[in-house]
Amino acid sequence: AVSAGERHSLALKADGTVWAWGSNAHGALGDGTTVDRPVAARVPGLDRVFAIAAGGERSFAVRADGTVWGWGENSTGALGIGTLTDALVPTQVGVGVPGFGNVIRMAAGQRHTLALRIDGQVFQFGALIPTSPATTGPQVRPSLVEALAGVTLVTAGERLSVALDINGGLWSWGPNSRGQLGLGASGTRAVPTRITQSDDGSPMPPVLRVAAGPDFVTARAFDGTLLSWGAGTEGQLGNSALLDRPLPTRAGPLSGPLQSIAAGGVHAFAALADGTLDAWGANDAGQLGGATAASRLPSPSPVPNLDLD
């Protein structure tokens, strides 16, 4: 498994060790220094790891015993270690927090973090939308998202959070200035709200996979349909337009049947059933893989010279 942060990368090997490389200004490589490293090296002190996540300038690892370890930038409390101080080495998350453990998946946003427990419960920490006047400021320890149950997947953006439940339902919360919650209205949501309607007035279909960029979301429905919503001015919604969309809208067409999806800062990818890859969105730095010479591409286009099989 691999995971990419803002300027660093993690890899999880089959032997349960974690390897890191890239920017290390805030300790995201976990080696006790703040020296950048262009070559992958093992993160010391970690073994029996089965899940990793990188986001912003921080990193996370989940060990076989369900404990979570985080390191890197922590100015918003997004490491969940009880402070606002960067951690240069892996540090256990949520020590002493009732119920925090048995984690199976992490989602590292740019300013906050989500943790999914084996029983489908979700914890969150970092720069969150306040749930009441008493909860202003960063949350430096994990707190249970009480409105959710039966969750199978979580993903996070700038402060955007999305959860997929066992029935294929999507729940979103956080800021909504560009329609990234998929709820139509522009208001912020402090607690998870079910996405129920597509922009054509039809019910939101059950979803199999979901991925979030900073302020947009893309999802694969059970029937293979690609849906997207939120910020779209760089073409990152893949729906041929350069407009924000506050409700899920059908994207594509794709070059073939859709398997899985991934979202970057202002671009996205679809892995197809035949092992090829489609890309769309901003391409100012060539991040679409040579799919086009244009600075942005609002519709999916094949990535050349790449076969994922």
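The values are calculated or read from the model by the stated rules, or taken from the named source; none is laboratory data. Small disclaimer: the values here were computed from a predicted structure and weren't measured. FYI the Cβ positions are ideal-geometry reconstructions off the backbone, even for glycines, and counts take in every protein chain you see. Remember, those area values only see protein heavy atoms, side chains included, never the ligands or the DNA or RNA. Shrake-Rupley method; radii C 1.70, N 1.55, O 1.52, S 1.80 Å.
Yes/no matrix, rows are residues, columns are (1) among the hydroxyl-bearing types (Ser, Thr, Tyr); (2) under 24 Å from GLY265 (Cα atoms); (3) in contact (Cβ under 8 Å) with a residue 12 or more places away in the chain:
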position: LEU12; (1), (2), (3): no, yes, yes
position: THR17; (1), (2), (3): yes, no, yes
position: SER23; (1), (2), (3): yes, yes, yes
position: LEU29; (1), (2), (3): no, yes, yes
position: THR33; (1), (2), (3): yes, no, yes
position: ASP47; (1), (2), (3): no, no, yes
position: VAL68; (1), (2), (3): no, no, yes
position: GLY82; (1), (2), (3): no, no, yes
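Residues in the stretch 287-307 that are at pLDDT 90 or above and either under 16 Å from GLY232 (Cβ atoms) or open to solvent by less than 40 Å² (accessible area, probe 1.4 Å) (or both): LEU288, SER295, ARG296, LEU297, PRO298, SER299, PRO300, SER301, VAL303.
Which residues, counting only those in the stretch 44-92, are of a type in the set (Ser, Thr, Tyr) and under 18 Å from the mean Cα position of the chain (by Cα)? Answer for the stretch 44-92, where residues must be of a type in the set (Ser, Thr, Tyr) and under 18 Å from the mean Cα position of the chain (by Cα): SER59, THR76.
So how many residues does the stretch 59-72 have that are buried (at least 23 other Cβ atoms within 10 Å of the Cβ) and either farther than 27 Å from ALA263 by Cβ or of a type in the set (D, E, K, R) (or both)? Count: 0. Scanning the stretch 24-57 for residues that are basic (Lys, Arg) and on the phi < 0 side of the Ramachandran plot, we see that the one that is most open to solvent (accessible area, probe 1.4 Å) is ARG42.
Selection of the stretch 213-241 for residues being free of Cβ contacts under 8 Å to residues at least 60 places away in the same chain, open to solvent by 30 Å² or more (accessible area, probe 1.4 Å) and in contact with an Asp or Glu (Cβ under 9 Å, 6 or more places away or on another chain) yields ASP215, THR233. Looking at the stretch 230-306, none of the strands (runs of 3 or more DSSP E) lying wholly inside it contains 3 or more residues that are β-branched (Val, Ile, Thr). Taking the stretch 9-47 only, how many residues are touching a Lys or Arg at 6+ places or on another chain (Cβ under 9 Å) and not in a loop (DSSP other than H, G, I, E, B)? Residues in the stretch 9-47 being touching a Lys or Arg at 6+ places or on another chain (Cβ under 9 Å) and not in a loop (DSSP other than H, G, I, E, B): 6 in total. Has the stretch 16-23 got any residue that is open to solvent by less than 70 Å² (accessible area, probe 1.4 Å), in contact with a Pro (Cβ under 7 Å, 6 or more places away or on another chain) and at pLDDT 95 or above? Looking through the stretch 16-23, none of the residues is open to solvent by less than 70 Å² (accessible area, probe 1.4 Å), in contact with a Pro (Cβ under 7 Å, 6 or more places away or on another chain) and at pLDDT 95 or above. Taking the stretch 192-208 as the range and being surrounded by fewer than 19 Cβ atoms within 10 Å (Cβ to Cβ) and either farther than 22 Å from ARG111 by Cα or of a type outside the set (S, T, N, Q) (or both) as the test, the residues that pass are ARG194, THR196, GLN197, ASP199, ASP200, GLY201, SER202, PRO203, PRO205, PRO206.
Residues that are open to solvent by less than 30 Å² (accessible area, probe 1.4 Å), among the polar types (S, T, N, Q) and either touching a helix residue (DSSP H, G or I) at 6+ places or on another chain (Cβ under 8 Å) or touching a residue at least 40 places away in the same chain (Cβ under 8 Å) (or both) within the stretch 242-286 comprise just one, THR249.
Tallying residues that are basic (Lys, Arg) and not in a strand (DSSP E or B) within the stretch 48-69 yields 1.
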